[in-house]
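The values are calculated or read from the model by the stated rules, or taken from the named source; none is laboratory data. Treat the numbers as computed from the prediction; the structure is a model and nothing was measured. In this analysis, Cβ positions are derived from the backbone assuming ideal geometry, glycine residues included, and neighbour counts consider all displayed protein chains. Side chains are part of the model used for accessible areas, which takes the heavy atoms of the whole protein and leaves out ligands, DNA and RNA. Shrake-Rupley method; radii C 1.70, N 1.55, O 1.52, S 1.80 Å.
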Amino acid sequence: MGAQCRRVRGGTVPPVPQSPSVDRVTGRVVIDDVRPAAPHAGFMAKAVQGEAIPVSATIFTDGRDTLAARALIEAGGGGEVLAWAPLALGINDSWGGTVVVPDGLGPRQVVIEAWVDRHASWVGRVEAKLGADQDVSVEIAEGVAMLAGADIAEPPIATALAALRDDRLPPAARLVRALSAGVAAGLAGPEGAPRLTRSAPAPLWVDRELALCGAWYELFPRSFGGFRGTAARVPAIAAMGFDVLYLPPVHPIGTTERKGRDNSLTAGPHDPGSPWAIGSPEGGHTAIHAELGTFEDFDHLLAVAAAHGVEVALDYALQCSPDHPWVHDHPEWFHHRPDGSIAYAENPPKKYQDIYPINFWPDRDSDRKALWAACKDILDFWIAKGIYIFRVDNPHTKPVAFWEWLIPAIQADHPDVIFLAEAFTRPKVMAKLAEVGFTQSYTYFTWRTVQHGEDGIWAFIEELAHGPAADFMRPNFWPNTPDILSGPLRHGPPAAFASRFILAALLSPSYGIYSGYEFYENLPASSTDEEYLNSEKYEIKHRDFAQTQTLAPLITAVNAIRRRHPAFSRLRTIKMHPSDNPAIVAFSKTSDDGADVVLVVVTLDSAQVQESTLHLDTAVLGVPGDRPFYVIDELSGELYMWSAHPFVRLDPASRVVHILNLRAGI
């Protein structure tokens with residue numbers, strides 16, 4: 001009996017053969033452009049355990065021999081082969097395939113092995129000569145030598161070898177058995193093959209599933225009466241289908257230069273201040289605001305969340321109020337003006353008089369090391385309290401070298417920790433932060449409001465899902481944040497909130513909304529300011545969660561659909577489909593095993609009815625291209641008969657989206 005197959009998510013994979021020894025990295029076969037890979041040496045591509053990741057390379061050799069290749073996932077640093085998959089030749093010497101990432105978190109490496117396919121090369125020569133009616137005696141001798149060195153216990157090989165040696169038969173009869181698929185299978189693989197070459201290993205970091213796919217909900221605990229009140233809200237958040245509850249900073253808030261309502265410079269006696277003005281005489285980043293409760297109350301919140309399948313994420317904001325203990329104890333960790341005073345934070349035209357930015361590169365190296373260690377101590381503290389997800393505030397305003405040091409230092413001991421970068425910054429800076437270790441990034445989704453063009457949704461998704469950045473940068477789409485009310489949401493109707501939610505939740509495996517989104521909060525601070533009017537950053541809000549005018553039913557239904565369909569948990573399988581009307585967007589997603597296919601058609605217009613003819617890639621969808629097929633709308637339960645070019649009509653007053661199941665078994 002053969003070795004048993006190992007069971008992994010998405011199906012079974014064959015037993016993993018270990019690689020034969022190879023003397024060199026570069027051999028007679030050239031292997032270039034290996035993906036997935038980070039752009040620069042020393043950094044890692046990313047995947048999650050159980051994910052089927054695309055692997056590709058440019059592979060060729062001198063001469064006319066036929067090549068074979070496979071992709072390996074090996075333990076970090078090399079050695080044990082954990083998974084493998086064959087690669088197939090495409091065009092222009094491009095090879096590709098998919099390999100399922102085995103269970104286990106942490107560092108791995110992708111290696112491509114390529115070699116001369118002895119049997120296929122020999123078959124090519126034989127068939128060419130037979131077709132030209134030429135002598136094949138040399139090829140018969142080559143076949144005997146090739147099969148004699150193989151495992152003749154395999155019946156197809158033993159039978160073919162006997163036929164090749166039987167000189168009583170005519171040449172074609174001697175060869176026919178050796179040309180069979182059974183013999184090809186028996187000789188497959190790199191063992192003993194000539195010109196075996198291994199690529200340089202491409203480092204790969206393997207995360208848990210929540211690093212790729214999850215629904216986030218953000219709220220301010222103080223608006224719910226603290227940790228105990230937030231815990232009471234958790235069942236409703238879980239019922240809506242959210243996986244992560246994200247809390248802005250929960251630390252003591254400074255009183256010096258405290259901001260009042262709507263970022264005013266003068267705070268009233270009851271104004272709570274901004275949670276991002278961290279620190280007071282009561283403590284800094286490892287303390288909690290007394291008005292939120294105690295650490296016992298915090299532990300209770302974590303326990304309630306865990307009981308409902310929700311994980312709590314905390315904000316990691318490396319900045320201080322003027323009252324933070326670090327300001328008194330370590331003035332060398334801050335920027336100083338010529339008059340000796342400490343500079344507050346500015347992002348012109350915005351000014352943050354209540355916040356001191358940290359100087360991450362003090363003049364003395366010893367001060368830098370002490371500061372960086374103190375920043376790591378903050379994470380170690382909260383990890384010990386049970387927090388394994390951190391939303392990082394403005395990481396692009398800190399040195400990239402700091403993150404390059406900090407994130408691997410944390411994940412070396414805690415590979416399940418997730419870092420979300422709030423990096424609304426220049427594209428190359430955002431990409432570099434992802435490359436040095438950030439698990440996810442907010443990206444520019446908030447401002448992608450049209451379908452086509454350089455800044456359109458189509459080009460944006462192609463870049464994130466299929467471009468080089470897809471190997472190491474994961475999106476987390478947020479249609480709003482406490483800082484940002486943009487685009488069609490500003491004074492927008494409920495349909496605008498529904499459409500933007502659908503795009504965020506179904507384009508990206510990870511998405512999030514800030515509390516109040518479900519109630520269509522849509523008043524900007526001004527015609528030019530993306531901030532909210534009456535921003536919760538500077539005041540406590542009491543929302544009526546019993547009100548009936550809410551997006552919560554749609555959010556709940558869509559999150560349930562996301563969980564029913566594994567296709568929505570993936571990004572790399574997304575396919576955009578052309579629409580005659582740029583106001584209607586169509587895209588599909590496929591599960592790793594191809595068994596689940598979904599098609600989403602959504603309107604970008606929240607005011608008027610929009611109609612369009614779509615042009616579906618039926619090969620990608622796995623549906624007939626020459627006859628009608630059935631689809632089921634997952635939201636309404638309606639059954640439709642569609643074709644490769646269906647007509648759709650979306651009325652924002654009643655329906656902004658079709659979420660279609662293409663594998664309904666009908």
Does any residue of segment 240-249 turn out to be modelled with pLDDT of 95 or more, farther than 23 Å from TYR511 by Cα and either open to solvent by less than 60 Å² (accessible area, probe 1.4 Å) or of a type in the set (Asp, Glu) (or both)? no
Any residue in segment 245-261 that is closer than 21 Å to VAL234 by Cα sitting within a Cβ distance under 6 Å of a residue that is of a type in the set (Ser, Thr, Tyr)? List the pairs, counting only those 6 or more apart or interchain. LEU245/TYR217
Return the residue satisfying two criteria in turn: it lies in segment 56-104 and is assigned to a loop (DSSP other than H, G, I, E, B) and open to solvent by less than 40 Å² (accessible area, probe 1.4 Å), and of such residues it is farthest from ARG28 (Cα to Cα). GLY104
In segment 500-539, residue nearest to HIS270 (Cα to Cα) [restricted to those that are among the aromatic types (Phe, Trp, Tyr), open to solvent by less than 10 Å² (accessible area, probe 1.4 Å) and in a strand (DSSP E or B)]: TYR514
Unmet requirement for ALA160, which otherwise passes all of (1) open to solvent by less than 10 Å² (accessible area, probe 1.4 Å); (2) of a type in the set (A, V, I, L, M, F, W, C); (3) free of Cβ contacts under 8 Å to residues at least 12 places away in the same chain: (3)
Leading residue by the ranking (surrounded by the most Cβ atoms within 10 Å (Cβ to Cβ)) among those in segment 437-478 that are polar (S, T, N, Q) and under 22 Å from ARG391 (Cβ atoms): GLN440
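Rundown of residues vs (1) touching a helix residue (DSSP H, G or I) at 6+ places or on another chain (Cβ under 8 Å); (2) closer than 29 Å to ASP596 by Cβ, yes/no style:
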| position | (1), (2) |
| --- | --- |
| GLY42 | no, no |
| VAL48 | yes, yes |
| ALA52 | no, yes |
| ILE59 | no, no |
| THR66 | yes, no |
| GLY78 | no, no |
So which pairs qualify, if the first residue must be in segment 33-52 and over 23 Å from TRP95 (Cβ atoms) and at pLDDT below 95, the second must be in a strand (DSSP E or B) and not acidic (Asp, Glu), the Cβ gap must be under 9 Å, and the two must be at least 6 apart or on different chains? GLY42/PRO203
If you take the residues in segment 284-294 that are within 36 Å of the chain's Cα centre (by Cα) and aliphatic (A, V, I, L, M), which one is surrounded by the fewest Cβ atoms within 10 Å (Cβ to Cβ)? ALA287
Going through segment 265-283 in order, the residues found to be free of Cβ contacts under 8 Å to residues at least 40 places away in the same chain and within 39 Å of the chain's Cα centre (by Cα) are GLU282
Out of all the residues in segment 222-235, which are open to solvent by 10 Å² or more (accessible area, probe 1.4 Å) and either modelled with pLDDT under 95 or touching a Phe, Trp or Tyr at 6+ places or on another chain (Cβ under 7 Å) (or both)? ARG233
Any idea which of HIS270, HIS300 is surrounded by fewer than 21 Cβ atoms within 10 Å (Cβ to Cβ), in a loop (DSSP other than H, G, I, E, B) and on the phi < 0 side of the Ramachandran plot? HIS270
Quick one: in segment 414-423, which of the residues that are part of a loop (DSSP other than H, G, I, E, B) and without any contact (Cβ under 8 Å) to a residue 60 or more places away in the chain is farthest from ALA370 (Cα to Cα)? ALA423
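Conditions tested, residue by residue: (1) over 25 Å from HIS330 (Cβ atoms); (2) not in a helix (DSSP H, G or I).
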{"site": "ASP377", "(1), (2)": "no, no"}
{"site": "ILE387", "(1), (2)": "no, yes"}
{"site": "HIS396", "(1), (2)": "no, no"}
{"site": "ALA412", "(1), (2)": "yes, no"}
Hey, could you check segment 346-373 for residues that are open to solvent by less than 20 Å² (accessible area, probe 1.4 Å) and of a type in the set (A, V, I, L, M) and say which is farthest from VAL417 (Cα to Cα)? ILE355
Looking at segment 305-360, what strands (runs of 3 or more DSSP E) fall wholly within it and have at least 1 residues that are aliphatic (A, V, I, L, M)? 311-316, 345-347
Qualifying positions in segment 189-221 - at pLDDT below 95, buried (at least 19 other Cβ atoms within 10 Å of the Cβ) and charged (D, E, K, R): ARG198
Since ILE342 meets every condition but one in (1) within 28 Å of PHE298 (Cβ to Cβ); (2) free of Cβ contacts under 8 Å to residues at least 24 places away in the same chain; (3) surrounded by 14 or more Cβ atoms within 10 Å (Cβ to Cβ), which condition does it not meet? (1)
Regarding ALA465, is this residue touching a Leu at 6+ places or on another chain (Cβ under 6 Å), touching a residue at least 24 places away in the same chain (Cβ under 8 Å), small (Gly, Ala, Ser) and not in a loop (DSSP other than H, G, I, E, B)? yes
Which condition breaks for GLY622 when tested against (1) within 26 Å of the chain's Cα centre (by Cα); (2) at negative phi; (3) open to solvent by less than 70 Å² (accessible area, probe 1.4 Å)? (2)
Residue check, ALA37 open to solvent by 20 Å² or more (accessible area, probe 1.4 Å), within 27 Å of SER569 (Cβ to Cβ) and part of a loop (DSSP other than H, G, I, E, B): yes
Listing of strands (runs of 3 or more DSSP E) fully contained in segment 578-639 that carry 1 or more residues being in contact with a Ser or Thr (Cβ under 9 Å, 6 or more places away or on another chain) and closer than 30 Å to GLY97 by Cβ: 584-590, 597-603, 629-633
